[in-house]
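The values are calculated or read from the model by the stated rules, or taken from the named source; none is laboratory data. On a predicted model such as this, the values are computed, not experimentally measured, just so you know. Note that each Cβ is placed from the backbone with ideal geometry, even for glycine, and that neighbours are counted across all protein chains shown. Side chains are part of the model used for accessible areas, which takes the heavy atoms of the whole protein and leaves out ligands, DNA and RNA. Shrake-Rupley method; radii C 1.70, N 1.55, O 1.52, S 1.80 Å.
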Amino acid sequence: MLDLDLLRSFVAVIDAGGFTRAAERVHRTQSTVSQQVRRLEDDLGQILLDRSGKDVIPTEAGERLLSYSRRLLSLAEEARDVVARPSGDGAVRLGLTEDFAAHRLTRLLGSFARSRPGLRLDVRAGQSLDLHRDLERGDLDLALLKREINGRAAVAVWPERVYWVNSKHHPCDIKAASVPLIFFPSGCIYRARAIHAIEASGRRWHLAYTSSSLAGIQAAVAAGLGLSILSEISIQAEHRKLTARDGFPAIERTELALIAAPTASPATLRLAKRLAEFCDKVLAGSLDQQQRAAATV
């Protein structure tokens with residue numbers, strides 16, 4: 001029988017790219033994680049990780065085991081949810097910013113809903129300002145939203161880096177007398193920061209395109225209608241990041257916060273745990289990519 005704790009540490013090492021970050025994810029010491037992977041290798045009689053480079057990567061045997069490990073861990077989590085589920089879970093009202101609503105979260109939410117047939121999941125996507133308001137007045141049980149750094153207490157927070165972006169294939173004139181901007185309607189945290197940064201540089205601006213849809217903003221940037229600010233996970237292959245050398249200094253950081261209502265139910269807190277694990281994985285991968293890119297400059 002495969003030990004799920006060993007599989008969990010094995011997957012964490014691959015996802016984190018090393019033993020130190022993996023230990024933080026599974027809340028164990030680095031030596032314990034290393035020992036667990038060694039035990040797994042001994043049990044299977046295969047070397048699962050290549051430790052010779054800067055980053056730890058799976059061997060061919062490790063790659064074969066990885067997909068099975070993910071499925072086994074997911075199934076174990078689902079079984080735990082079903083067995084622990086009380087009759088009549090009620091409802092969980094979840095609010096998400098649109099970039100995360102569209103960024104593979106639908107698969108996680110579908111799995112969570114299937115594991116708890118007695119639960120009604122009510123998910124809505126919107127701007128952070130609206131989600132925060134709905135949470136404050138009790139219309140949401142849980143929200144994943146963008147905010148200024150060091151806000152109210154949260155289940156978990158992650159620093160978020162955002163970038164000025166232009167079209168890669170149809171770039172608009174970044175030296176134009178009036179900078180064309182593409183953003184969500186008023187209330188968007190990125191929009192406010194962009195306008196402040198443009199005005200602080202002494203330049204004029206105008207809104208060239210406004211959309212309540214992230215897909216619409218991404219498409220408008222790609223088409224060359226103007227510039228926008230996007231988070232790392234929302235930048236597409238058709239976009240090009242702008243830097244200080246282009247005349248667009250870095251935007252002050254924001255953070256992603258997962259906030260639960262004070263009266264959150266056990267089902268809500270269970271979902272919060274799953275969302276936090278997802279964000280840990282996605283945002284850690286994004287940060288690793290940023291660090292590797294910075295090292296090559």
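Between HIS27 and GLU252, the modelled label-to-label distance comes to 3.4 nm, taking each label 7 Å out from Cα in the direction of the beta carbon.
Along the stretch 47-54 the Karplus relation, 6.51 cos²θ - 1.76 cosθ + 1.60 evaluated at θ = phi - 60°, assigns HN-Hα couplings of 7, 9, 10, 9, 9, 7, x, 5 Hz to successive residues, with x for each Gly and Pro. 3J(HN,Hα) along the stretch 216-223: x, 5, 4, 5, 5, 5, 4, 7 Hz, from the Karplus curve 6.51 cos²θ - 1.76 cosθ + 1.60 with θ = phi - 60°, whole Hz, x for Gly and Pro. Between SER186 and LYS241, what is the spin-label point distance in nm, taking each point 7 Å from the Cα along the Cα→C-beta axis? Label-label distance for SER186 and LYS241, simple model: 3.3 nm. In the chain, taking the dipole from charged Cβ atoms about the Cα centre, the farthest positive-side position among LEU121, VAL13, GLY224 is held by GLY224. Distance between the pseudo-spin-label points of ARG39 and HIS196 (7 Å out from Cα toward the beta carbon): 5.0 nm.
Taking 22 Å as the limit for the C-alpha separation, the pairs LYS146/LYS241; LYS146/LYS273; LYS146/LYS175; LYS54/LYS168; LYS146/LYS281 exceed it in the case of LYS146/LYS175; LYS54/LYS168. Computed in the context of the full set of protein chains, the accessible area of the chain at 1.4 Å probe radius has 53% of its extent on carbon or sulfur. In this structure, ARG107 and ALA177 have a Cβ-Cβ separation that, at R0 = 41 Å, corresponds to a calculated FRET efficiency of about 0.35. Note on ARG137 and SER67: the extension gain reaches 21.0 nm, defined as 0.36 nm multiplied by sequence separation minus the Cα-Cα distance. Remark: accessible surface ordering of THR268, THR263 (largest first) is THR263, THR268, probe radius 1.4 Å. DSSP beta bridges confined to the chain are antiparallel in about 55 percent of cases.
When the helices of the chain are scored as -39500 (n - 2.57) per DSSP H run of n ≥ 4 and the total is divided over every residue, the value at 222 nm lands at -14500 deg cm²/dmol. Seen against the Cα atoms of the chain and their longest principal axis, helix 266-295 is set at about 70 degrees.
Taking the Cα centre of the chain as reference, the dipole from Cβ charges on Lys and Arg (+1) and Asp and Glu (-1) amounts to some 340 debye.
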